[in-house]
Every structure is written in C-alpha cells, then in structure tokens.
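Asks: Please find one structure pasted underneath; my questions will follow.
The values are calculated or read from the model by the stated rules, or taken from the named source; none is laboratory data. These figures come from a predicted structure and were not determined experimentally. Please note: Cβ atoms are built from the backbone with ideal geometry, for glycine as well, and neighbour counts cover all protein chains shown.
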Amino acid sequence: MSEPMLPSRRDIRAKRSNRNRIIIATVTAFALLGSAFLFRYELRSATEQLSGAEYSGDGSTIVKLTVKYGDVGTDIARKLVSADVTKNYDITLRTIYAINPTFFPGTYKLPSKISSAKAISYLTDPTNSIVNRVTIREGLRNEKVFELLSEVSGLPVSDFKSASKKLSGFGIPSEAPSLEGYLFPATYSFDPSLSARDILQVLVDRTKEQLKEDGVPKSKWHKLLTLASVIQREARQTQDFYKVARVFQNRLEINMPLQSDATVSYGVRGNTFQTSAADRNDPNPYNTYLYPGLPVGPISGAGALAIDAALNPATGSWLYFVSVNLENGETVFSITYAEHERAVAQWRKWLKENPSWND
C-alpha cells in the first residue's frame, strides 16, 4: 500500500490565500450591510425628498415647538407635522424610530418645511432651546418679583398676582398669609411654555430646597423665613447679618419688641426704611413697634446668607443697632440705650450732611 502524498508548500499557500479572500469578502460584505443599515434613513430621506414626500432645503419661517414631559415619538411627529415643520406624519415617525433620539422637555426654535432628519437634529440641539432668564435679588417684595417675572415671561403681572393668591398646592406652611418670603432670590431660566403658577412653583420649590439643605424642619420654616426676611432688609454689610440676627434673637428672648422700621414700612406699604410716628402707630400685624415677637409673616425674599444668619447668629449682648452711613452700610451695634442714642446722633448727622439721600 502506497503512503499518502503530503500537500506541497504551493498547495498550502493557495489554500491560505483562498481562505483569506473568503474572510476579506465576508468582512467587506458585512461592512457594506452595516453601512447600509446605519445610513438607511438618510438614503430613504433623500429618496423621499426627491419624490416630494418630504420637504427639502433649509426651511423657511422660524417656528416654536414645545416638547412636554412625557411626550413620545408619536407626539413629536404629530407636533412637527401640525406646525408644518415636516410634511408627512408616517415618514417623520419612521425617521424618529430609526434615529432613536432623546428628546428633552422645552421650547425649541426651528425652521418650517424641512426634512424629518433635520427637524430631529434641531430638537436634539440644546442651543435651539428657548429660555427666559431672570435674576431675583435678595430683599425684594413679591410685587417687585411679579414685575420682573412678567417682563421676562411676557405674562401679565395680574396672572402672577392671581396665581399667588391660591396658596393651596404650593406646599408652604398653613400659617403663611401669602407667598411673601417663599419666592427664593436666585437666577432662573424658564421655558416659555410655563404658566404664571408653574413659574411661582419653581421659586417656592427653590426655597424649600434651601431650607432642607440647611436642615430646617418644615414646622420651623415659617418662623425662620420671617426672621430671615427682617434680617435681609435690615442688614447692610455681609459681616453684619449675623450681628443683626443676634440683636433680634436677644430681643425675642426677653420679649422686647423688635422695633424694626423695615417691618413697619412693609405693614403700611411704604418704600423706605424711614418711618413716621403715624406709621409706627398703625395697628397692622407687621408693626413690631406695637407688638412683641415676629411679624405675622416674611416681609421680603431672604437669601442664603440671611437664612444662615438666622440659624447661626453671632455671639453678643447687643440690643440695638443703627446704620450710621446709609451709603456704605456702616452699622453701630450697642448694648445700652445710651450707647444707641449716640449712634443715632451719628445717623442724624449723616442724614443732615446728605440731604438728597433716598433709601
């Protein structure tokens, strides 16, 4: 019996070459299939634009489209066609499914009469999102806050006033007479689709967030915000917030009236820190000359600094303070009334030397 013939080196090289060709051909085929799969919607979109089933070009009039929380592909497709951004609902929905984008709630600007793929690119580009930006400063009363919110949102002030009167649902303490003090001072960006009620809720929620961050239980929210709001309106320089807080805390502990002109001014709807004898005798619940303890509620929006001061007052025995220079906020703190009278004399001298000053 003859021995089997071993393959030659040439035969081995030929087999290897054939095998390599098969592998390369297979990889190439899969790559082409993958590319076709990945770009199928672009190819289909181009075909549908040529056939007139889709809009082509860069679009025309700019429109605004709002994506709401919970909107799904069918909702987006319907809105795009309704706004005449895209032409065909089925094609738009099919493109959304093919691209599988992530849509974020908001209002977006995009041109009308464009392809589905272009429309989706506009809705997933954060630079196309429209926001109304506003900064609410510390110490502002709600009436001023409403004006600022109206300016940036385009909604009438009356909408904010009306929404603020319906306190149920905002989640604030039941003893709060209004939203005063519950609209946190900060910089906000609002979607144009929000209502006045929605916007106010954002500010209230920011207040709750700050109070929770500072570890304040809900049972103490109202009392703390009331005290912090008075500190906010009375203190001038940063380092004095904690000393002003101590003065008020010392007075509260001995049941001594706070005698805050800021609360008196709020109670008579005044606009300055200087009050008259008639103002200080007005029997409203914000008059801390007539009544000991805190006023019935906050008198302004307190910032993080004032809230921290109310929680962590400085150490001291002061019972009085007065700003002796209203321009730079220099304040003198006193333990005795005699010391305080001397500081008040300094304040009166400054006022005499600055007759045009308006606080």
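Asks: Looking at the stretch 78-128, which of its residues are part of a helix (DSSP H, G or I) and within 29 Å of the chain's Cα centre (by Cα)? Don't jump to the end; show me each part of the working.
Replies: Start the filter on the stretch 78-128 by keeping residues that are part of a helix (DSSP H, G or I), which leaves 78-82, 89-99, 116-123, 126-128.
Correct list: K79, L80, A119, I120, S121, Y122, L123, P126, T127, N128.
Asks: Anything in the stretch 188-208 that is over 20 Å from S174 (Cβ atoms), outside any loop (DSSP other than H, G, I, E, B) and of a type in the set (D, E)? List them, or say none.
Replies: Applying the first criterion (over 20 Å from S174 (Cβ atoms)) to the stretch 188-208 yields 188-196, 198-199, 202, 206.
Okay, now just the ones that are also outside any loop (DSSP other than H, G, I, E, B), so 188-190, 196, 198-199, 202, 206.
Hit for the stretch 188-208 is D198, nothing else.
Asks: Quick check, is V230 in a helix (DSSP H, G or I), out of contact with any Cys (no Cβ under 8 Å at 6 or more places or on another chain), farther than 15 Å from V296 by Cβ and not acidic (D, E)? If you could, list the steps in order and put the result at the bottom.
Replies: Details: in a helix (DSSP H, G or I): yes; out of contact with any Cys (no Cβ under 8 Å at 6 or more places or on another chain): yes; farther than 15 Å from V296 by Cβ: no; not acidic (D, E): yes.
No; evaluated as a whole, the condition is false for this residue.
Asks: Would a scan of the stretch 140-150 turn up a residue that is hydroxyl-bearing (S, T, Y), free of Cβ contacts under 8 Å to residues at least 40 places away in the same chain and farther than 21 Å from L224 by Cα?
Replies: First, pick out the residues of the stretch 140-150 that are hydroxyl-bearing (S, T, Y): 150.
So of that shortlist, the ones also free of Cβ contacts under 8 Å to residues at least 40 places away in the same chain come out as 150.
If we keep only those that are farther than 21 Å from L224 by Cα as well, we get 150.
Yes, the conditions are met somewhere in the stretch 140-150.
Asks: Are there any pairs with C-beta distances below 6 angstrom linking a residue in the stretch 217-246 that is under 25 Å from L326 (Cβ atoms) to a residue that is of a type in the set (D, E), with the two at least 6 apart or on different chains, and if so which?
Replies: Q232/E138; V244/E234
Asks: Going by the structure shown, is S193 over 27 Å from N284 (Cβ atoms) and surrounded by 14 or more Cβ atoms within 10 Å (Cβ to Cβ)? I'd like the intermediate steps shown before the answer.
Replies: Numbers: over 27 Å from N284 (Cβ atoms): yes; surrounded by 14 or more Cβ atoms within 10 Å (Cβ to Cβ): yes.
Against the criterion (over 27 Å from N284 (Cβ atoms) and surrounded by 14 or more Cβ atoms within 10 Å (Cβ to Cβ)), S193 qualifies.
Asks: To continue, here is another question. List pairs: first residue in the stretch 98-125 and closer than 16 Å to S60 by Cβ, second residue of a type in the set (G, A, S) and surrounded by 21 or more Cβ atoms within 10 Å (Cβ to Cβ) anywhere in the structure, Cβ distance under 6 angstrom, at least six positions apart or on different chains.
Replies: S115/S45
Asks: Something else about it: Return only the number of the condition from (1) out of contact with any strand residue (DSSP E or B) (no Cβ under 6 Å at 6 or more places or on another chain); (2) crowded, with 21+ Cβ neighbours inside 10 Å; (3) closer than 30 Å to S129 by Cα that R233 does not satisfy.
Replies: Answer for R233: the failing condition is (3).
Asks: Here are the criteria: (1) surrounded by 17 or more Cβ atoms within 10 Å (Cβ to Cβ); (2) part of a loop (DSSP other than H, G, I, E, B); (3) of a type in the set (S, T, Y). Tell me which single one S168 does not satisfy.
Replies: All conditions are met except number (1).
Asks: Working only within the stretch 278-318, note down all residues that are closer than 19 Å to R246 by Cα, part of a loop (DSSP other than H, G, I, E, B) and charged (D, E, K, R).
Replies: Once the filter is applied, which keeps residues that are closer than 19 Å to R246 by Cα, part of a loop (DSSP other than H, G, I, E, B) and charged (D, E, K, R), the stretch 278-318 yields nothing.
Asks: How about the stretch 233-275: which of its residues are among the β-branched types (V, I, T), assigned to a helix (DSSP H, G or I), farther than 25 Å from E143 by Cβ and modelled with pLDDT of 95 or more? Show your work before the answer.
Replies: The first filter runs over the stretch 233-275 and keeps only residues among the β-branched types (V, I, T), leaving 238, 244, 247, 254, 263-264, 268, 272, 275.
Those left that are additionally assigned to a helix (DSSP H, G or I): 238, 244, 247, 263-264.
Remaining after also requiring farther than 25 Å from E143 by Cβ: 238, 247.
Within the stretch 233-275, just V247 meets the criteria.
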